[in-house]
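Q: Mind having a look at this structure? Questions to follow.
The values are calculated or read from the model by the stated rules, or taken from the named source; none is laboratory data. Given the structure is predicted, the values throughout are model-derived calculations rather than measurements. Note: ideal-geometry Cβ built from the backbone for every residue, glycine included; neighbour counts use all protein chains shown.
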Amino acid sequence: MPTILYIYGWRLFFYSNEINEPIHIHVQKGDMQGKFWLMIDEIEIIEAFCYNFTPASKREIKKIIYKNFDIIVDAWFNHFIKNK
């Protein structure tokens, strides 16, 4: 389960066995956990699930994902193409 970023207490990571799913990122901070789909053509993110998030924490993690969108997408392709 490669970690892509640690930023402001957030851990952004993948599960290595999720190669058959569209591009997404898992996030975790304290007891908050979530998953966001990354729509690369639209440069958009869609919430798959968020547990124990406040509205402020959702805004914060979405900003982090948007600011690091290209890094996350590149890491996804590098990890899953390399491990194919």
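Q: Taking the condition of being more than 14 Å from A75 (Cβ to Cβ) and out of contact with any Gly (no Cβ under 8 Å at 6 or more places or on another chain), how many residues in region 1-27 meet it?
A: Total satisfying the criteria: 6.
Q: Let me ask something else about it. Considering only region 1-60, state which residues are on the phi > 0 side of the Ramachandran plot and either among the aromatic types (F, W, Y) or modelled with pLDDT of 95 or more (or both).
A: Y8, G9, G30, N52
Q: When you check I65 against the structure, is it over 19 Å from T3 (Cβ atoms) and within 14 Å of the chain's Cα centre (by Cα), yes or no?
A: Answer is no for this residue.
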